[in-house]
Amino acid sequence: MDYIIGIDVGTTSTKALLYDLDGKIYAKANKGYTLYQDTPDMAEEDPDEIFNATSQAIQEVITKANRQDGKVVAVSWSAQQHSLIALDKNFKPLTRTMTWADNRAEKYAAQYKENGRGLEMYKRTGLPIHPMGPFYKLLWFKNEKPDIFKQAAYWVGIKEYIIWKYTGQLKEEVSMAAATGLLNMKTVKWDEEALKETGVKENQLPELVDTTYKIKGIQAEYAKVMGLDKDVYFVMGATDGALSTIGVGAIETGVLAINIGTSAAVRSFFDKPVIDPKARLYCYPVMKGKYLVGGPINNGGIVFSWAHDALFGGEQEAAKLLNIDSFDMLSKIAATVPAGSDGLIFHPYLGGERAPLWDANARGSFFGLNRKHTRAHMIRAVLEGLVYNLYSVTLALREVTGKPKAILAAGGFAKSKLWTQIMADVYESELTIPESYESGSLAAMFLAKMSLGLEDNLNDIKKYIGKSNTFEPNPKVYKKYRALIPIYLRLSRQFSSEYKSIADYQREFANDDDQD
Ligand code: ADP
């Protein structure tokens, strides 16, 4: 029997899954790495630590599965977006990898927003104006680290670096290239203007290839350590955002994929580039006639985790004693208060926000508190506020693309029946949630099958997705959400003028100790 490994190089860890050609999973492995945050704006990782974690994850699934009845024919790649590494002429890293969470290029994104150039670049490349983008990170390097900028022979992301190390080939597939902000989304070539502005030459960037492009053969020494055949195919795959959308089956134009994991996202495929006149949404080419449009959201499940830790320490202890999941316990507590939390509204922007605000200074708030409100209201308001936020990104998407045809959802939030029901009720739409969690690596595996000529239609991934659960909206609660959401949206606009002042205050007094 033949096998395929789907890899997902995430922000905190790399996951590897070993599949047979029918999509059955034989083994999983997960290897973590360090996020370096020496200053609040920095978020770097060590490319070789990630490379080693990836090798270990591949080795572990092969060992765990212990299948002597065939071989791994392909390894296919999903990865985090917007990372940037400078390499010298011998392909040795001159820097660590700056992740999407690194905000040091904020000044350059702000300048481009201010002078209108950012909007022009967005219209060419589909990258919203934000320091996460390698386009802005390159401006930062050029101005703030000129020595490294001059020394750099190549600029790559983490997926390109890892694949180069195994195969000796420097290639970049189009979806990851689009996430750099250096790719022209219409011509699907490196964008001349973006290269001119950053001062990077085309020969300093990887060669562009399709998501199903395959490289035959890897360095023998690595193959041996991992237990792979040295003639294995490496299939380029795509970004984690594109693959998790494909992996839940949101393939047709206008079918919405919503994910709430640690972060969150709203995405949909379209058959041509979609430009948001307000630059709130990205648009990236993924495959011929398939453009992914969406909004990435920082504040997803991480905010539920914050409320869980900051407000419910006692319940966590109780859950431990009762041997039940403390997140499930909080969902049950939230379910004791009515939809709309008796008029308590929570804005979830604890750590700044990308879509829909694109404001690194945004902060969270509870609004509408009265003496009737309890912690149960607060936790329900948190779950509802996270959904209102996703809904507001969906409204932006609807402005440019029309009403979604169907909604598929996934991510850790789906463990809570209450939370999924809140989503169906706020969206006033049926919600379908696949039971399988591994949508990114499943789609990577499927792309490998397409690349090997074993599948030819992206829609056929649906046969591998397995069982789904459906949630129907409850008409009895529509009117409560319909009345609250406009207040939530208006407040967002009103608060926005004060975000900078409160964020500046928090920075200024961050380390003040006034106990003496
Ligand atoms: P990642 O994006 O890192 O893969 P997951 O998809 O696993 O993350 O989602 C993690 C989030 O899921 C956590 O931040 C938490 O808010 C949420 N979560 C975890 N357990 C539960 C639960 N039982 N009910 C609802 N939400 C949960």
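The values are calculated or read from the model by the stated rules, or taken from the named source; none is laboratory data. No experiment lies behind these values; they were computed from the predicted model shown. Please note: Cβ atoms are built from the backbone with ideal geometry, for glycine as well, and neighbour counts cover all protein chains shown. Note: areas computed on protein heavy atoms with side chains; ligands, DNA, RNA excluded. Shrake-Rupley method; radii C 1.70, N 1.55, O 1.52, S 1.80 Å.
Only one entry of Met423, Met378 meets the criterion of being within 16 Å of the ligand (Cβ to nearest atom), outside the structural domain of Lys476 (by TED's automatic domain parsing) and hydrophobic (A, V, I, L, M, F, W, C), and that entry is Met423. Of all residue pairs spaced 6 or more apart or on separate chains, those with beta-carbon atoms under 6 Å, a first member in segment 403-419 that is over 11 Å from Ile433 (Cα atoms) and a second member that is outside any loop (DSSP other than H, G, I, E, B) and away from the ligand (no atom under 11 Å from the Cβ) are Pro404/Leu256; Lys405/Val255; Ala406/Val255.
Residue-wise test of (1) in contact with a strand residue (DSSP E or B) (Cβ under 7 Å, 6 or more places away or on another chain); (2) open to solvent by less than 60 Å² (accessible area, probe 1.4 Å); (3) in a helix (DSSP H, G or I).
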| site | (1), (2), (3) |
| --- | --- |
| Val400 | no, yes, yes |
| Trp419 | no, yes, yes |
| Tyr437 | no, no, no |
| Val477 | no, yes, yes |
| Leu484 | yes, yes, yes |
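Please tell me if Gly32 is open to solvent by 50 Å² or more (accessible area, probe 1.4 Å), touching a strand residue (DSSP E or B) at 6+ places or on another chain (Cβ under 8 Å), within 15 Å of the ligand (Cβ to nearest atom) and among the small types (Gly, Ala, Ser). Judged against the criteria, Gly32 is a match. Scanning segment 147-170 for residues that are surrounded by fewer than 20 Cβ atoms within 10 Å (Cβ to Cβ) and of a type in the set (Lys, Arg) returns Lys150, Lys165. Listed by position, the helices (runs of 4 or more DSSP H) enclosed by segment 72-167 that each have at least 3 residues that are within 20 Å of the chain's Cα centre (by Cα) and within 23 Å of Gly352 (Cβ to Cβ) are 134-144. Going by the conditions given, is Lys278 free of Cβ contacts under 8 Å to residues at least 12 places away in the same chain, open to solvent by 20 Å² or more (accessible area, probe 1.4 Å) and away from the ligand (no atom under 16 Å from the Cβ)? Here the answer is no, as Lys278 does not meet what is asked. With respect to (1) surrounded by 24 or more Cβ atoms within 10 Å (Cβ to Cβ); (2) touching a Leu at 6+ places or on another chain (Cβ under 9 Å); (3) at pLDDT 95 or above, the lone exception for Ile260 is condition (3).
Filter segment 464-508 down to the residues that are under 30 Å from Tyr19 (Cα atoms) and touching a Phe, Trp or Tyr at 6+ places or on another chain (Cβ under 8 Å) and list them by number.
Correct list: Tyr464 only.
Scanning segment 50-91 for residues that are touching a helix residue (DSSP H, G or I) at 6+ places or on another chain (Cβ under 7 Å), closer than 17 Å to Tyr161 by Cα and among the polar types (S, T, N, Q) turns up Thr54, Ser55, Ser76, Ser78, Gln80, Gln81, Ser83. So, of the residues in segment 402-417 that are in a loop (DSSP other than H, G, I, E, B) and over 23 Å from Asn299 (Cβ atoms), which turns out to be nearest to the ligand (Cβ to nearest atom)? Per the stated criteria, the residue is Lys405. Beta carbons closer than 6 Å, at least 6 apart along the sequence or on distinct chains, pair a first residue in segment 473-497 that is more than 21 Å from Gly352 (Cβ to Cβ) with a second that is in a loop (DSSP other than H, G, I, E, B) and among the acidic types (Asp, Glu) for Pro473/Glu428; Tyr478/Glu428.
From Asn184, Asn203, which residue is over 17 Å from His82 (Cα atoms) and assigned by TED's automatic domain parsing to the domain that holds Phe135? Only one candidate passes the filter, namely Asn203.
Once segment 226-249 is narrowed to residues that are of a type in the set (A, V, I, L, M) and either surrounded by fewer than 24 Cβ atoms within 10 Å (Cβ to Cβ) or more than 16 Å from the chain's Cα centre (by Cα) (or both), the residue that is nearest to Asp210 (Cα to Cα) is Met236.
Residue check: Leu228 meets all listed conditions (1) closer than 26 Å to Lys15 by Cβ; (2) assigned to a helix (DSSP H, G or I) but one, namely (2).
Tally up the residues in segment 12-29 that are open to solvent by 60 Å² or more (accessible area, probe 1.4 Å), closer than 13 Å to Glu438 by Cβ and either within 15 Å of the ligand (Cβ to nearest atom) or in a strand (DSSP E or B) (or both), please.
Qualifying residue count, segment 12-29: 3.
Taking the stated definitions as given, is Ala74 modelled with pLDDT of 95 or more and within 16 Å of the ligand (Cβ to nearest atom)? Judged against the criteria, Ala74 is not a match. Between Leu350, Leu386, Leu395, the distinction of being away from the ligand (no atom under 13 Å from the Cβ) and under 21 Å from the mean Cα position of the chain (by Cα) belongs to Leu395 only.
The set of residues from segment 341-389 being over 28 Å from Glu399 (Cβ atoms), open to solvent by less than 30 Å² (accessible area, probe 1.4 Å) and part of a helix (DSSP H, G or I) comprises Ala376, His377, Ile379, Arg380.
Can you say whether Lys137 is out of contact with any helix residue (DSSP H, G or I) (no Cβ under 8 Å at 6 or more places or on another chain), closer than 27 Å to Ala53 by Cα, basic (Lys, Arg) and without any contact (Cβ under 8 Å) to a residue 60 or more places away in the chain, as far as the supplied structure shows? So that I can check it myself, show each step before the final result.
Details: out of contact with any helix residue (DSSP H, G or I) (no Cβ under 8 Å at 6 or more places or on another chain): yes; closer than 27 Å to Ala53 by Cα: yes; basic (Lys, Arg): yes; without any contact (Cβ under 8 Å) to a residue 60 or more places away in the chain: yes.
Yes: the conditions hold for Lys137.
Looking at Gln37, is it at pLDDT 95 or above, open to solvent by 60 Å² or more (accessible area, probe 1.4 Å) and assigned by TED's automatic domain parsing to the domain that holds Leu94? Answer is no for this residue. Looking at the structure I just gave you, is Glu428 of a type in the set (Asp, Glu), within 16 Å of the ligand (Cβ to nearest atom) and either at positive phi or open to solvent by less than 20 Å² (accessible area, probe 1.4 Å) (or both)? So Glu428 does not fit the description; no. For segment 192-204, the tally of residues that are crowded, with 21+ Cβ neighbours inside 10 Å and part of a loop (DSSP other than H, G, I, E, B) stands at 1. May I ask you to verify whether Asp513 is more than 16 Å from the ligand (Cβ to nearest atom), at pLDDT 90 or above, open to solvent by 20 Å² or more (accessible area, probe 1.4 Å) and of a type in the set (D, E, K, R)? The answer is no for Asp513.
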